[in-house]
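Below is one structure, written out as structure tokens, with a few remarks after it.
Taken together, the values in this text are just the output of simple stated rules run on the coordinates, not laboratory data. Just so it is clear, the structure is predicted and the values come from calculations on it, not from any experiment. Cβ placement follows ideal geometry from the backbone for every residue including glycine, while neighbour counts extend to all protein chains displayed.
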Amino acid sequence: MCKIQRVSLSTLKIEKKGVILLKFNGMTLISEQQLPSIIKRLAHQILETYPGLTNAVIIGLQPRGIFLSDRIVAALHQELPADQVVYGKLDITFYRDDIRRELHLATQTDLPFSIEGKTVILIDDVLFTGRTIRAALDALLAFGRPSKVSLCVLVDRKPSRELPIQPDFTGKEMIDASPYKVKVRWKENDGVDDVILLVD
Amino acid sequence: MALSTKHLLGIKDLTQEDIQLILSTASQFKEVLQRPVKKVPTLRDVTIVNLFYENSTRTRISFELAEKRLSADVVNFTVSNSSAAKGETLLDTVNNILSMKVDMVVMRHSASGAPHYLAKHIDAAIINAGDGINEHPTQALLDAFSMQEKLGQLAGLKVAIIGDIMHSRVALSNIYLLKKMGAEVMVSGPPTLIPTYLQEAMDIKVEYNIDKALAWCDVANVLRIQLERQNQPLFSSLREYNMAYGITKQRLDKLSKDIVIMHPGPINRGVEIDSDVADSAHSIILDQVENGVAVRMSCLYLLTGRTNPS
């Protein structure tokens with residue numbers, strides 16, 4: 001576990017809070033060297049649970065979950081013939097519960113297969129309050145009735161959860177409620193592969 | 001990123017970015033409409049009233065479907081069975097409806113500027129579903145969406161708007177939109193149905209010879225002859241109009257290329273457009289109707305996103 005997770009900010013005096021926040025701003029949670037191993041591990045854990053991905057489909061959540069799902073699918077292709085990995089992308093914008101608070105712009109949904117009776121492995125980058133996954137479950141049901149839905153995330157901010165939703169496959173778990181924003185950066189989008197903490 | 005306006009009163013008030021945002025969001029809604037479950041919960045705490053002071057089939061059904069597919073609560077109002085028939089003013093009617101906690105008003109009115117007047121006096125977001133001979137913004141947006149879907153992009157496209165330009169809110173909204181998106185616009189029809197100031201005011205081409213207009217364009221948007229708005233004879237007969245300006249198969253066969261045929265409906269078959277043209281493979285008239293629901297969902301969604309609950 002990295003250091004910042006042990007700093008309990010609620011116990012600090014207000015004036016010190018800002019100093020501490022700035023001190024850890026930009027701190028690395030997952031480094032560029034660690035990321036490929038984590039992705040490979042997640043792919044292997046998925047295969048261990050669902051051997052050969054029989055009757056299972058992978059669905060990445062738009063917009064930022066698909067960077068992770070693209071990598072995991074690439075790792076799965078190392079282990080399985082390409083036609084055994086069924087992969088789609090889901091946008092959940094229209095299922096959010098916060099339209100009056102903030103307008104989100106929709107991106108492409110691409111699910112060119114049936115999910116009826118399948119095991120769906122949802123993939124997202126950060127699991128925070130759980131509200132995105134709640135919306136994703138609703139969105140998913142518009143496409144059919146999966147027999148099972150499981151969840152794979154790169155970072156699990158467990159103490160910040162607002163809904164009873166837990167991941168089945170986790171890259172890294174944060175054990176303290178953190179005042180930081182967890183920013184997952186991807187080479188194809190942000191020029192670098194890592195996960196850092198930012199002052200929100 | 002959000003729309004620059006609180007209301008959708010006309011294309012005139014929109015920026016190029018607004019139009020792009022509405023069209024790109026509409027394409028996501030079009031995908032939603034292909035799903036086994038076409039309904040999304042997006043506007044589930046939003047109440048919308050459809051105020052139709054003028055007849056409509058397509059637009060009213062299209063708006064109502066868009067609202068229901070977004071899970072909004074919908075109230076319909078048509079003037080024939082309302083208190084407006086008892087002499088209540090527009091503002092009183094709307095204020096009464098809004099006091100029952102309505103968030104958004106979709107309005108069609110025979111008076112140009114009616115929704116603009118309303119926008120000055122009420123807080124709820126207003127969508128203009130056609131005001132007199134002024135604008136019909138959602139029609140122009142769905143026309144643009146359909147053109148973009150069929151031909152790739154709007155910039156550089158040559159669009160001829162043909163027929164009763166004088167009485168058409170569809171024509172004006174289309175001209176504003178196409179100019180903003182970098183398309184070239186020509187209007188064509190009998191001189192009595194084209195306002196003389198239009199060419200100068202809107203910086204567009206005017207062509208009274210229909211065959212030349214068809215030869216020039218990539219898309220022909222054919223408009224209905226609006227007999228209900230014409231209180232003086234502007235051409236001699238419907239049959240003569242068809243012979244001089246109607247879009248017939250013979251006219252299209254003479255062209256060296258295929259052009260896309262559009263019509264906002266309702267069609268007067270055998271007047272401004274012949275049946276074999278309206279039903280041909282080059283016609284995207286029914287695609288326009290289909291796209292209308294997605295485009296209106298997009299407008300409703302983006303305007304709701306601009307209002308705060310407080």
Quiz item: Hey, which lysines would be in cross-link range of residue B:205, C-alpha to C-alpha under 21 Å, not counting anything within fewer than 8 residues on its own chain?
Solution: B:12, B:158, B:179, B:180, B:257
Exercise. May I ask for log10 I(q)/I(0) of the protein assembly as shown at q = 0.06, 0.07, 0.08, 0.11 Å⁻¹, from a Debye sum over the Cα atoms as equal point scatterers with solvent left out?
Key: -0.38, -0.50, -0.64, -0.99
Quiz item: Over what distance in Å are the Cα centres of region B:1-34 and region B:168-212 separated?
Solution: 23 Å
Quiz prompt | Per-residue [θ]222 nm for chain B (sum of -39500 (n - 2.57) over DSSP H runs n ≥ 4, rounded to 500) | solution = -11500 deg cm²/dmol
Quiz item: Which residue fluctuates the most in chain B, going by a Gaussian network model with Cα springs under 10 Å, if the choices are B:286, B:255, B:154?
Solution: B:255
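Would you mind ranking B:197, B:53 by Cβ crowding within 10 Å, fewest neighbours first?
B:197, B:53
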Quiz item: If one takes the longest principal axis of the Cα atoms in chain B, at what angle in degrees, from 0 to 90 and to the nearest 10, does the Cα axis of helix B:137-151 lie?
Solution: 60 degrees
Practice problem: Using only atoms on other chains, find how many Cβ atoms lie within 10 Å of each Cβ of peptide A:109-121 and report the average. | Solution: 1
Self-check item: Range of Cα positions in region B:137-288 per principal axis (Å), largest first
Solution: 39, 34, 26
Self-check item: Pairwise centroid distance, computed over Cα atoms, of region A:164-181 with region A:97-158, Å
Solution: 17 Å
Practice problem: Using only Cα atoms, find the angle between the long axis of helix B:169-180 and the longest principal axis of chain B, and express it within 0 to 90 degrees, rounded to the nearest 10. | Solution: 90 degrees
Quiz prompt | Mean projected area (nm²) of the alpha-carbon convex hull when region B:200-310 is viewed from all directions | solution = 10.5 nm²
Self-check item: chain B - share of DSSP beta bridges that are antiparallel (%, nearest 5)
Solution: 5 percent
Quiz item: What longest region of chain A stays clear of GluC sites (Glu not before Pro) that DSSP places outside H, G, I, E and B and that have at most 13 other Cβ atoms within 10 Å?
Solution: A:33-101
Quiz prompt | Partners for residue A:23 among lysines (Cα-Cα distance below 24 Å; same-chain residues under 8 apart left out) | solution = A:3, A:13, A:158, A:172, A:181, A:183
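Need one number for chain B: average projected area of the convex hull over its C-alpha atoms, nm². Numbers along the way, then the final one.
Numbers: hull surface 65.1 nm².
Its average projected convex-hull area is 16.3 nm².
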Quiz item: Which residue, A:177, A:106, A:43, tops the fluctuation ranking in a GNM of chain A built on C-alpha contacts under 10 Å?
Solution: A:106
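Compute the Rg/Rh shape ratio of chain A: radius of gyration over Kirkwood radius, all on alpha-carbon atoms.
Numbers: Rg = 17.5 Å, Rh = 17.8 Å.
Answer for chain A: 0.98.
Take the cross-link list B:212/B:249; A:89/B:39; A:40/A:118 and give me the ones stretching past 21 Å between alpha-carbons.
A:40/A:118
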